[in-house]
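Structure first, commentary second.
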Amino acid sequence: MSSLLILKTRICLKYISPLFNPSTAGFTPLNNVISKLSVSSRLLCTKGGSRHAGNNRKEDRQREFNIRERLPFPKSVFAAGTAKRTAEYQKKRAEEEPDFPRKNKRVEPPDHPLTASEWKSLKLTSPNPDRFDVRMMSSMLADGTDINVAKSLLAYVAMDTGTLSYELLLRYLTLCVGSGHHSEVFDMYDIMRSRFRTLDTGASSLFIKGFSRTERWKEALTILENIKRAITPSPRNYGDTIAGAVLHGDGDTAWALYAELMEKGLIPNQDTWQALFQCGLSHQGHEDGLQSILLHLRDNQIYPEETLAKDIKAWFDSLPEQKWIGSWSTVDPRGVCRSCQAELESIQLSREEYAQLKDRVMGDVIQGRDVFNKTTPEELESFKNFVKRKPAFDVVIDGLNVANIGIKGNQSQTLLEVVSELERQGLVILVLGRKHMQRPSRSWDRHDMSLVQQKAHCFFTDNISEDDPFLLYATLHSGNHCNFVSRDLMRDHKACLPDGATRRLFFKWQRGHQLVLSSYTPGKRVRFQRILSYDTIVQTNGGSWHIPYDENGAERCTYEVPQKWLCLTKAK
Ligand SMILES: [Zn+2]
């Protein structure tokens, strides 16, 4: 009998050996749970179902039924409404079992593979054995635990319960992909495809990433096609397949995928651009495509990260017959490149540009339909009359936004200090506030607020109104010299603008007119960051490119602009 058991064990181990290495996964205790093992190995094996002839077929069917029952997505992922359901399911799951963020629920992964009995005792001593396997795998994922430890967990769960949930396998797959264990990814692909009728987008995305890095990268394209039948693939899906094509020297496929991504209006990840520049480095051609990426960065006010900037430089350096000189540079306060002495584009809008922008913002943002979600026609009308009666402002302050820069509970003092500094500069100031700011409280001191009103013109909107439309209106109405103070980026308003050209103008205007506090210490003189005279944006005049980029590790707030530049000039 014992020899038969050992024989059966060997057969099973043979099938599952790609997934479980007995030498590392601690499989010896399998001998005494042979019946469970054959079921679990069926789950883990993809081929040779008939080799499990010794199993009780009825029990098998029952188990299979149980497995299907437990599937999170029993319907095809390609069925209408699945994506929404998936999102809802994942949301619900996340709400039910937030196993990542809650520290008290975290289980510590062991530092070496455990035997089944060791796993069992670890589970029993765990303060919360519920969903132990999934939580353990999640911790392994977070810690980047050795794959063999994860395998030993899977082996234990398969033996203990006779099944492996989709959820557990998905986490294991994430670990395999993340740690670059290609053969395990292939095994998981075979297993999951044979065990589950469909794969959700999460698993498909992981397989795309996993396959793209291997000689089987073309299968990632098939998986991408499958996703496309149901939903729009993510930029990451495209990025992974593009990287796979580039890695395997197929530039045409990479560029075709990139064109498709752009056609769908998706926003590429920076490493996708990086892959394409690297592709350009090893395969000549696609110059127009690469230049269009740079123009895309310009049009969308995107700053490349340092790693991408390095690849851009390397690509320019590699161009034969065009001698580009690339250097890392900075720009002096006058807007002159310290490397090639070229003058960068001014931040100032021309008279025509300003008129065009004002026209569109007044029409599309201020008068646009959606503005009345944020205010009322009456309130806006009364504000316009208020502005008409006042002199042109030099600076408009988003009062609530600015007041919240300082310590909580002392907002009026912060606002007063900012207003006082601007008054000291002899500026005509408008403070936009909310009505509640006029009600004396701990945050809004009566004396401070009365001084604010002596130093500045003030307009207080209803408490529910949003300040942005008022701020834009007053600033643009006052003329091109008028700046505004806010930490807000007004991204919503960009969306209201009808075309790319106006959106670019809006951002340029914003970069040139938004005053930002460089630091604020209560009681000390308020200082603003200087508004640069030049525009920090990718720019070219044909003979040169200037590309502002984000340095590695440099933290930049969204309203700030990079200080480092890649300067590329063509040798004459
Ligand atoms: Zn330069």
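Only the coordinates and a few stated rules stand behind these numbers; no lab work does. For clarity, every value in this text was computed on a predicted model and none was experimentally measured. Every residue, glycine among them, receives a Cβ derived from its backbone with ideal geometry; neighbour counts consider all protein chains shown.
Using a 10 Å cut-off around each Cβ, can you sort 238, 189 from fewest to most neighbouring Cβ atoms? Let's see the in-between values first.
Working: 238 24, 189 21.
Listing 238, 189 from fewest to most nearby Cβ atoms yields 189, 238.
If you take the beta carbon distance between residue 248 and residue 330 as r and set R0 to 51 Å, what does 1/(1 + (r/R0)^6) give as a FRET efficiency, to the nearest 0.05? The partial results should precede the final answer.
Values: r = 39 Å, r/R0 = 0.76.
According to the calculation, E is roughly 0.85.
When a/c is below 1.5 the answer is rounded, else prolate if a/b is larger than b/c, else oblate, so apply that to the stretch 430-572 with a ≥ b ≥ c taken from the square roots of the Cα gyration tensor eigenvalues.
The shape class here is prolate.
With a cap of 14 neighbouring Cβ atoms within 10 Å, and only residues DSSP puts in a loop, list the trypsin sites (Lys or Arg not before Pro) found in the stretch 444-538.
Values: sites: 446, 455, 487, 491, 494, 503, 504, 508, 511, 524, 525, 527, 530; in loops: 487, 524, 525, 530.
Counting only loop positions with at most 14 other Cβ atoms within 10 Å, the trypsin sites (Lys or Arg not before Pro) in the stretch 444-538 are 524, 525, 530.
Longer than 31 Å from Cα to Cα, which of 228/570; 218/564; 358/570; 310/572; 228/358 are they? Say none if no pair is.
Values: 228/570 42 Å; 218/564 39 Å; 358/570 37 Å; 310/572 23 Å; 228/358 41 Å.
In this structure, 228/570; 218/564; 358/570; 228/358 exceed 31 Å between Cα atoms.
For residue 222 and residue 570 in one chain, what is 0.36 nm times their gap in residues minus the Cα-Cα distance, to one decimal in nm?
Details: separation 348, 0.36 × 348 = 125.28 nm, distance 4.22 nm.
Full extension of this stretch gives 121.1 nm more.
How many nm separate the modelled label positions at residue 121 and residue 295, each set 7 Å beyond the Cα in the direction of the Cβ?
It is 6.9 nm.
Using only Cα atoms, locate the centre of the stretch 225-282 and the centre of the stretch 321-370, then give the distance between them in Å, rounded to an integer.
Using only Cα atoms, the two centres lie 30 Å from each other.
Got a sec to turn the phi values of the stretch 374-391 into Karplus ³J(HN,Hα) couplings, 6.51 cos²θ - 1.76 cosθ + 1.60 with θ = phi - 60°, whole Hz, x for Gly and Pro?
10, 7, 10, x, 5, 5, 5, 5, 5, 5, 4, 5, 4, 4, 4, 6, 9, x
Relative contact order of the stretch 336-438, please, whole-number percent, based on alpha carbon pairs below 8 angstrom and at least 6 residues apart. The partial results should precede the final answer.
Values: 50 pairs, mean separation 23.5, N = 103.
Reported as a whole number, the value is 23 percent.
How far apart, in nm, are the 7 Å Cα→Cβ label points at residue 314 and residue 260?
Calculated label separation equals 2.7 nm.
Please give me, ordered by residue number, the GluC sites (Glu not before Pro) of the stretch 298-344 that lie in loop per DSSP and have at most 13 other Cβ atoms within 10 Å. Don't skip to the end; give the middle numbers.
Working: sites: 305, 306, 321, 343; in loops: 321.
When the GluC sites (Glu not before Pro) of the stretch 298-344 are filtered for loop state and at most 13 Cβ neighbours within 10 Å, 321 remain.
Provide the FRET efficiency to the nearest 0.05 for the residue 354-residue 541 pair, computing r from the beta carbons and using R0 = 25 Å.
Working: r = 23 Å, r/R0 = 0.91.
It comes out at approximately 0.65.
What FRET efficiency would be calculated for the residue pair residue 362, residue 487, taking the C-beta separation as r and a Förster radius of 22 Å, to the nearest 0.05? List each step's numbers first, then the result.
Working: r = 24 Å, r/R0 = 1.08.
E(calc), rounded to 0.05, equals 0.40.
Which distance in nm do the two modelled labels at residue 341 and residue 521 give, with both placed 7 Å along the Cα-to-Cβ direction?
4.1
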